[in-house]
Amino acid sequence: MKKIIVIPLVLAFVNSGYNVVAMESQQVAQDFSLLDSLPDFEVEQILEKLSYHDLGQFNRVSKRYRELAQEMLQERRIQQRNMFIQKIESIDLDLSNMNLQYIIPGVFDNPVFAQIRYLNLNNNQLTAIASHALAGLNNLRWLFLTNNQLATIAPDTFAGLNNLRMLYLSNNHLTPETRAMLQQLRQRSVRVYE
């Protein structure tokens, strides 16, 4: 027969043989005190099944397992951060076909975007790329700006993009000044396709 342990705000089946069912928050301390009568390994298994929020509640009311709960909370924070970073590192950011008309300068200037290697801005309504619009994309290797209405690109737009290798600009309306600036990129071994 399976034991039932009452833990607030949780509805989950715990593999150790315990059913965890939802209850009201006012019974938190009383409900969590039931865990004190269980062996440590069973408590740990139950805590692993709790949501981040409920684990935080448990941390506030438990005396015996406070340290364990704090360690588990810290591990979850690290896991979530690492999972997010891995996703960003592997992301090819595709912003094509979104009717974008402007890139706000500094919008990518955040460590979250630092690992992006591929940025697709094809098929938008961009008419210009302002200074610092691509700042922060330090590992960007491929930039797609095909099929926009680009006329001008600020001269320092590509400053700091030392890993840029491919720039696709076909089907735009580039000014002679912008085309001259693109020559400087070609001297940096960037392949520019107009």
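The values are calculated or read from the model by the stated rules, or taken from the named source; none is laboratory data. Only a predicted model underlies this, so the values are computations on that prediction, with no experimental measurement involved. Glycine gets a Cβ as well: all are built from the backbone with ideal geometry, and neighbour counts include every protein chain shown.
General observations
- Of GLN74, GLN70, GLN101, all but one fail to be at pLDDT 80 or above and within 17 Å of ASN120 (Cβ to Cβ); the exception is GLN101.
- All of (1) at pLDDT 50 or above; (2) assigned to a strand (DSSP E or B) hold for ARG81 with one exception: (2).
- Scope the range 175-184; condition out of contact with any Pro (no Cβ under 8 Å at 6 or more places or on another chain) and within 12 Å of ILE153 (Cα to Cα); matching residues: THR175, PRO176, GLU177, THR178, ARG179, ALA180, LEU182
- Of residues in the range 138-194 being within 24 Å of ALA114 (Cβ to Cβ) and β-branched (Val, Ile, Thr), the one nearest to the chain's Cα centre (by Cα): THR157
- Residue satisfying condition, being part of a helix (DSSP H, G or I), over 15 Å from ASN123 (Cα atoms) and not β-branched (Val, Ile, Thr), within set ALA180, ALA159: ALA180
- Condition met for LEU134 (assigned to a loop (DSSP other than H, G, I, E, B), in contact with a Leu (Cβ under 9 Å, 6 or more places away or on another chain) and surrounded by 16 or more Cβ atoms within 10 Å (Cβ to Cβ)): yes
- Matching residues, the range 137-162, being surrounded by fewer than 19 Cβ atoms within 10 Å (Cβ to Cβ) and closer than 15 Å to ASP92 by Cα: ASN138, ASN139, ARG141, TRP142
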